[in-house]
Every structure is written in structure tokens, then in C-alpha cells.
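Okay, so here's the structure we're looking at.
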């Protein structure tokens, strides 16, 4: 019975520590089994006056079960980290010297289904070819690392993604996912100086539809609204002032490109 009590307290403390942490606060649910076990312990110990739980296990069996129960929350955290960061190998080929918006629709019955690379099917990458209009349909399901029961979102939904021009399969197109933190993923100033195209992911990320823009940094605002423009648009649509800094880290397509929001 003491072991049941100690394990329940351990789970509760572990869950509380997760709740007050910055990274694992969504894992506070670990304390739930601890609360349940503690309630069971209190009922058995003080209502039914049970001091020992049957069946009786030998020393090794009890030790094994204790180690497993104590290690389970730690193993669960490792699994959550792995699940959120697991790579989704996919290679996107866009037309030669293409510049503009690209929309990819996943999970389409009559879409593409090709593979590239790998050895005997191991380590192969899903191959998606974009047409001259910047659109591609694929049978592949969108790789979703989100854990809905924990309400967590994967920090890098395009982990393992590679984008190439059809005429240049040796050089990957740099990818930038965060709207403002370009320096986190690529040297923005260097790309702008050399005039090389970059793949910018938009604010529209609603699988199975994924939209991004391939363009040179000098043409960035041809496709994306400035912060000032987004503020003015908000004022007209909402007839009120937006909250401070609401659009500071937003990358929003101009309305003339909304046609890519496929049905």
C-alpha cells in the first residue's frame, strides 16, 4: 500500500512540475493518474482498512513494476519529443525558374503517389511535382505531428522537407517557416544580396492544404502584405484599432493570391 501511495504522489508532483514548466506545461495531465491512484489508496486504506494489496508478488516482480511505473512519465516525455520532431521525408519539385505561390493538397484519391531515393524502400522520400500553375495534388496523407489529446502542435511541421527547381536538383531552395525569425533558418541578408529565391511558408497552414511562396527576397512584398497594410485592413474590416503588435510576426498573402485556397 505504501508503494501505491508513493507512486501516486510521484505522478502528482511530476505533473505539477510539467504544469509550471515552459516547455512541458501541456503534460500536466500526468498528474491525473496520480490523483486517481491516490484516491484508490485512500479508499482502500481508510475505508476498507486494507493494508496489503493482493496478489502478493515476489521481490523481483515488485521491483520491476515499481521501476516501470516510475520511468513511465519520463518515457512518455521522450516519446512526445520524438513524435513532434519526427521527420516527414518529402521532396517537392517545382517548375524551372518558377516564382510565385504554391498550393499542395494532400490526401487526394486521384493525386500523385511517387517515391524517390532510399534503399529497398527504407529512407525513401515522398515525391511531389508541382505544375506550371503552382498546384499539386498528392495521395499522400499530410504528416501531422500534432497531439490533439495534449493540445500540442509540432514546432516544425516541415521537418524533412526539401524543395528543388526541376532544372537544378543539386541545390535545395532555402526554407523559412517563421514569419519574422528568418535568421533562425537561413541567412536572410546573404540570400537577399545574392538574389536567390527562398520558400516562405504563409500564415495559412490548414492541412490537408499547405501553401507557400517561392520568390526572391527583393520581391517579398509582391506576395505578402506589410504590417502597415494589415493594420489598415483590420481597421476597415473590424472598424476598430487592432491590439498592439498583433501583426508584428504575421506573414499574410495578398488577397489576389487567395485563389490558391483550394476547396
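The values are calculated or read from the model by the stated rules, or taken from the named source; none is laboratory data. Predicted, not measured: the structure shown is a model, and the values here were computed from it. Backbone-built Cβ (ideal geometry, glycine too); neighbour counts: all protein chains shown.
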TODO: Scan segment 164-185 and give yes if some residue there is assigned by TED's automatic domain parsing to the domain that holds residue 102, modelled with pLDDT of 80 or more, within 14 Å of the chain's Cα centre (by Cα) and part of a loop (DSSP other than H, G, I, E, B), otherwise no.
DONE: no
Task: Which listed residue is assigned to a helix (DSSP H, G or I), within 18 Å of residue 9 (Cβ to Cβ), modelled with pLDDT of 85 or more and not assigned by TED's automatic domain parsing to the domain that holds residue 136, from 42, 63 - done: 42
- [ ] Determine which member of the set 76, 137, 48 is more than 26 Å from residue 198 (Cβ to Cβ) and more than 20 Å from the chain's Cα centre (by Cα).
- [x] 48
- [ ] Give the residue, chosen from 129, 141, that is at negative phi and touching a residue at least 40 places away in the same chain (Cβ under 8 Å).
- [x] 141
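Can you find, within segment 140-155, the residue that is modelled with the highest pLDDT among those that are assigned to a loop (DSSP other than H, G, I, E, B) and surrounded by 15 or more Cβ atoms within 10 Å (Cβ to Cβ)?
By that ranking, first place goes to 140.
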TODO: Tell me, please, whether a residue that is at pLDDT below 70 and more than 14 Å from the chain's Cα centre (by Cα) can be found in segment 191-199.
DONE: yes
- [ ] Could you tell me which numbered condition residue 166 fails, if it satisfies all but one of (1) in contact (Cβ under 8 Å) with a residue 60 or more places away in the chain; (2) farther than 21 Å from residue 209 by Cβ; (3) touching a helix residue (DSSP H, G or I) at 6+ places or on another chain (Cβ under 7 Å)?
- [x] (3)
- [ ] Taking the options 130, 101, 80, name whichever one is assigned by TED's automatic domain parsing to the domain that holds residue 37 and surrounded by 14 or more Cβ atoms within 10 Å (Cβ to Cβ).
- [x] 80
Task: Enumeration of residues in segment 100-122 that are closer than 14 Å to residue 90 by Cα and part of a strand (DSSP E or B) - done: 104, 105, 112, 114, 115, 116, 122
